[in-house]
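The values are calculated or read from the model by the stated rules, or taken from the named source; none is laboratory data. Given the structure is predicted, the values throughout are model-derived calculations rather than measurements. All Cβ positions, glycine included, derive from the backbone under ideal geometry; neighbour counts span all protein chains shown. Surface accessibility is based on the protein's heavy atoms, side chains included, excluding ligands, DNA and RNA. Shrake-Rupley method; radii C 1.70, N 1.55, O 1.52, S 1.80 Å.
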Amino acid sequence: MKNHCFAMLFAAAALSPVTAIAASRSYTYLDAGYGKQTIESADSDPLLRLDDIDADGGYVGGSVELGRGMFLTGAFHRGNGDVDVSSGSQVLTRLDVDVQQVALGLGYHYEINERLDWTAELGYLNTRFEYENRALSFTEKQDGDDARASVGLRGNLSERLEAWGKLRYTDGDTYDGEVSGAVGALLKFNELWGLTAEAGAGAGNRQYTLGVRASF
């Protein structure tokens, strides 16, 4: 169902009439698509180690322009995968894991020139894990809250291509004082529809997204 909806969005974007594309960068938009996360497991007993978590799934996200350079951001990621529980070099068992992450933020953008903006954001992240092994009748849930600050640049590389980069600091329950970076791009089909991709990486934690964006 998720893949079907994504295909419908992409088809609608591709079939929309081509119009002149504005040079300004919109801070009111909606994204949806595929997301992949790798999250570093917390330090544990060397005799019983939980490997890093890889989760594939989908995401929705967006931003709303508030005026005077201010904007609100939000995103919801959900994925699932497998994670090994090991002792030394031996795998003892494998757990199914579902990962859900909610991100909310307040941002500010300042136009350096007609092609480039400076951006800054303060945000909150909530990350939830649910581990399960049906054969062992095992279920465990974990929940973590983190704060994130970022600064970056966002600009037009051409009439149809936009790109951005961010330097981020995240600290709390899931991320332990992590400094990370993110880069992304938006390929505009027209003023409304575009294809967007972003990659972020820090000390053991990585996130990739590929989706369709509707800008307003």
### Query
Looking only at residues in segment 146-172 that are out of contact with any Ser or Thr (no Cβ under 8 Å at 6 or more places or on another chain) and more than 27 Å from Ser215 (Cα to Cα), which one is most open to solvent (accessible area, probe 1.4 Å)?
Asp171
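Working only within segment 108-139, note down all residues that are touching a residue at least 60 places away in the same chain (Cβ under 8 Å), open to solvent by less than 100 Å² (accessible area, probe 1.4 Å) and of a type outside the set (Val, Ile, Thr).
Of segment 108-139, the ones touching a residue at least 60 places away in the same chain (Cβ under 8 Å) are 109, 114-115, 117, 127, 129.
If we keep only those that are open to solvent by less than 100 Å² (accessible area, probe 1.4 Å) too, we end up with 109, 117, 127, 129.
Correct list: His109, Asp117, Phe129.
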### Message
Of everything in segment 196-216, what is of a type in the set (Gly, Ala, Ser) and either open to solvent by less than 30 Å² (accessible area, probe 1.4 Å) or in contact with an Asp or Glu (Cβ under 6 Å, 6 or more places away or on another chain) (or both)? Give them in sequence order.
### Response
Gly200, Gly202, Ala203, Gly204, Gly211, Ala214, Ser215
### Task
Identify the single condition in (1) of a type in the set (A, V, I, L, M, F, W, C); (2) open to solvent by 20 Å² or more (accessible area, probe 1.4 Å); (3) over 14 Å from Lys36 (Cα atoms) that Leu186 does not satisfy, given that it satisfies every other one.
(2)
### Task
For segment 183-197, state whether one or more residues are out of contact with any Lys or Arg (no Cβ under 9 Å at 6 or more places or on another chain), within 25 Å of Gly81 (Cβ to Cβ), in contact (Cβ under 8 Å) with a residue 12 or more places away in the chain and of a type outside the set (A, V, I, L, M).
no
## Note on the structure
Checked against (1) open to solvent by 40 Å² or more (accessible area, probe 1.4 Å); (2) in a strand (DSSP E or B); (3) modelled with pLDDT under 90, Asp84 satisfies every condition except (1)
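Is there a residue being of a type in the set (Ser, Thr, Tyr) and either in a strand (DSSP E or B) or touching a His at 6+ places or on another chain (Cβ under 7 Å) (or both) anywhere in segment 40-58? It would help to see each step written out before you state the result.
Of all residues in segment 40-58, those of a type in the set (Ser, Thr, Tyr) come to 41, 44.
Cutting the leftovers down to either in a strand (DSSP E or B) or touching a His at 6+ places or on another chain (Cβ under 7 Å) (or both) gives us none.
No: segment 40-58 contains no residue that is of a type in the set (Ser, Thr, Tyr) and either in a strand (DSSP E or B) or touching a His at 6+ places or on another chain (Cβ under 7 Å) (or both).
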